[in-house]
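The values are calculated or read from the model by the stated rules, or taken from the named source; none is laboratory data. Bear in mind the structure is a predicted one, so any value in this text is a computation, not a measurement. Every residue, glycine as well, gets a Cβ built from its backbone with ideal geometry; the counts of neighbours run over all protein chains shown.
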Amino acid sequence: MGKLSLISNEIYTILILALVLGLDFPLTSANLFTLDFNETNAYNHISTQLDFGFRVPGTASHNNCADWIGGQIGIYTDEVMIHDYSIQIGEQPSYFCQDILGKLNTEKNKIVILGAHWDSRNVAEKDTYNQSQPIPGANDGGSGVAVLIELARVLSLYKDNLDCQIWFLFIDAEDQGYSRGMYGLEYWDWSEGSRVFVDDIDEFYDSSAENFDSFILLDMVGGSNLQFIREANSDSNLHNRIFREGQKLGYSSAFPENPTVMSIIDDHIAFKDFGMPVIDLIIDFVNGEWEYHHTHSDNLENIDPESLKITGQTVESYMKNFYTVGFPVWAYFVIILGSIILVIIPIVLLFRKRR
Ligand code: 1BN
Ligand code: ZN
């Protein structure tokens, strides 16, 4: 070693160690990606939805907003499919509904669904005035849609690194059920749309070649002091992974160590019944954690862009961490073996020279 080197053995050893650690660290532990989610884009997507008016089935605003969502998701995905159906309860009129599905990486077999409902509630049963009038639904409906569209943008930039197909699914007819003596639309249940979608799901994928990995629902993710619950119908592994991802990014108050546990009726239930691991990323709206739920104050003023960022970045980071095309196992083996050799050789040489 002494003959080979113009620099001292100690410096040589330190240089080799630094090189090895410097190479290994990014390859094996640190994130190899950036987080590109932009909360201003998401905030503007809520504003656009509110500009259409109330997104209640049977209205022109509802149809126009569906067209806009289809156009937006079409920019970032490989294929857009529309699920047209009607909901007709008892003797009530029939309402035309649409789920909008944007597919990214259609050549991959494993499918992750990111979902949000896009309809807004037709009544404000929790308000003190005009209870029979519709609500803006900036948070309840608008926020999930907005975050999904922005996630479609950032994940489309990363699509070649992903080992999965992603479905961005905008679900209609979620929010017209019964609460405090009022229906949104007469005799409707909650989550009508997701049940119809799952009934018809065979029309949207090839069950002989494709399979579902998981379903992640975003609902009411834009209020201030965001604090997600541990939704009791959600899969524990999925919950732990996503909460850990949020905590890793420094968002421990939104993803607390000991979250409130409660069971929520929402669009994830139909997908769970189909057999998928699901999670509902939602707040405790039942106990008034976000006081504007189902009121006329569910408007843009009460949206906090920071909450959109927390949600968007966490889901982006989760997707990039868990679904990046991996190094083949042998590559890790070579890196680790190479590192050991590079560390051991100089150390052995160093000690032999000293003796
Ligand atoms: C959940 C999110 N729901 C609507 N948006 C369903 C629901 C609302 C269930 C109020 C119970 C009460
Ligand atoms: Zn709601």
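Considering the range 277-295 alone, what residues qualify as being more than 19 Å from L308 (Cα to Cα) and touching a strand residue (DSSP E or B) at 6+ places or on another chain (Cβ under 6 Å)? Please lay out each step first, then the result.
Applying the first criterion (more than 19 Å from L308 (Cα to Cα)) to the range 277-295 yields 277-278, 286-288, 294-295.
Those that are more than 19 Å from L308 (Cα to Cα) and touching a strand residue (DSSP E or B) at 6+ places or on another chain (Cβ under 6 Å): P277, V278.
When you scan the range 246-266, do you find a residue that is part of a helix (DSSP H, G or I) and buried (at least 17 other Cβ atoms within 10 Å of the Cβ), even just one?
There is at least one residue in the range 246-266 that is part of a helix (DSSP H, G or I) and buried (at least 17 other Cβ atoms within 10 Å of the Cβ).
Which numbered condition in (1) buried (at least 21 other Cβ atoms within 10 Å of the Cβ); (2) more than 13 Å from ligand 1 (Cβ to nearest atom); (3) within 30 Å of S132 (Cβ to Cβ) is the only one that F215 fails?
(3)
Quick one: count up the residues across the range 274-289 that are under 17 Å from S236 (Cα atoms), within 14 Å of ligand 1 (Cβ to nearest atom) and in a loop (DSSP other than H, G, I, E, B).
So the answer is 1.
Tally the residues that are among the acidic types (D, E) and either in contact with a strand residue (DSSP E or B) (Cβ under 8 Å, 6 or more places away or on another chain) or buried (at least 18 other Cβ atoms within 10 Å of the Cβ) (or both), restricting the search to the range 177-202.
Here the count works out to 3.
Would you check if there is a residue in the range 69-76 being free of Cβ contacts under 8 Å to residues at least 60 places away in the same chain, within 23 Å of A138 (Cα to Cα), crowded, with 16+ Cβ neighbours inside 10 Å and in contact with a helix residue (DSSP H, G or I) (Cβ under 9 Å, 6 or more places away or on another chain)?
So far as the range 69-76 goes, no, none of its residues is free of Cβ contacts under 8 Å to residues at least 60 places away in the same chain, within 23 Å of A138 (Cα to Cα), crowded, with 16+ Cβ neighbours inside 10 Å and in contact with a helix residue (DSSP H, G or I) (Cβ under 9 Å, 6 or more places away or on another chain).
Pick out the one residue from A138, A152, A146 that is of a type in the set (A, V, I, L, M) and more than 15 Å from the chain's Cα centre (by Cα).
Testing whether each residue is of a type in the set (A, V, I, L, M) and more than 15 Å from the chain's Cα centre (by Cα) leaves just A138.
Within the bounds of the range 189-201, is there any residue that is part of a strand (DSSP E or B) and over 22 Å from C65 (Cβ atoms)?
The answer is no, given that none of the residues of the range 189-201 is part of a strand (DSSP E or B) and over 22 Å from C65 (Cβ atoms).
Quick one: in the range 265-289, which of the residues that are of a type in the set (F, W, Y) and in contact with a helix residue (DSSP H, G or I) (Cβ under 7 Å, 6 or more places away or on another chain) is nearest to ligand 2 (Cβ to nearest atom)?
Top of the filtered list is F271.
Is it the case that some residue within the range 211-218 is within 16 Å of ligand 2 (Cβ to nearest atom), under 19 Å from the mean Cα position of the chain (by Cα) and closer than 24 Å to F285 by Cβ?
yes
Quick one: what pairs do we get from the range 139-152, first residue in contact (Cβ under 8 Å) with a residue 40 or more places away in the chain, second more than 16 Å from ligand 2 (Cβ to nearest atom) and of a type in the set (D, E, K, R), C-beta under 7 Å, 6+ apart or different chains?
Note: pairs meeting the criteria are L151/E316.
Inspect the range 194-203 for any residue being closer than 26 Å to S86 by Cβ and within 16 Å of ligand 1 (Cβ to nearest atom) and give the result as yes or no.
yes
Can you pull out the residues in the range 161-174 that are in a strand (DSSP E or B) and either basic (K, R) or over 12 Å from K108 (Cα atoms) (or both)?
Across the range 161-174, the qualifying residues are F168, L169, F170, I171.
State whether the residues of the range 173-195 include one that is touching a Lys or Arg at 6+ places or on another chain (Cβ under 6 Å), closer than 20 Å to F52 by Cα and either not assigned by TED's automatic domain parsing to the domain that holds D78 or not acidic (D, E) (or both).
Yes.
Between S224, S252, which is farther than 19 Å from L148 by Cα and out of contact with any Phe, Trp or Tyr (no Cβ under 7 Å at 6 or more places or on another chain)?
S252
Can you pull out every residue in the range 290-322 that is of a type outside the set (V, I, T), in a loop (DSSP other than H, G, I, E, B) and within 16 Å of ligand 2 (Cβ to nearest atom)?
W290, E291, Y292, H293, H294, H296, S297, D298, N299
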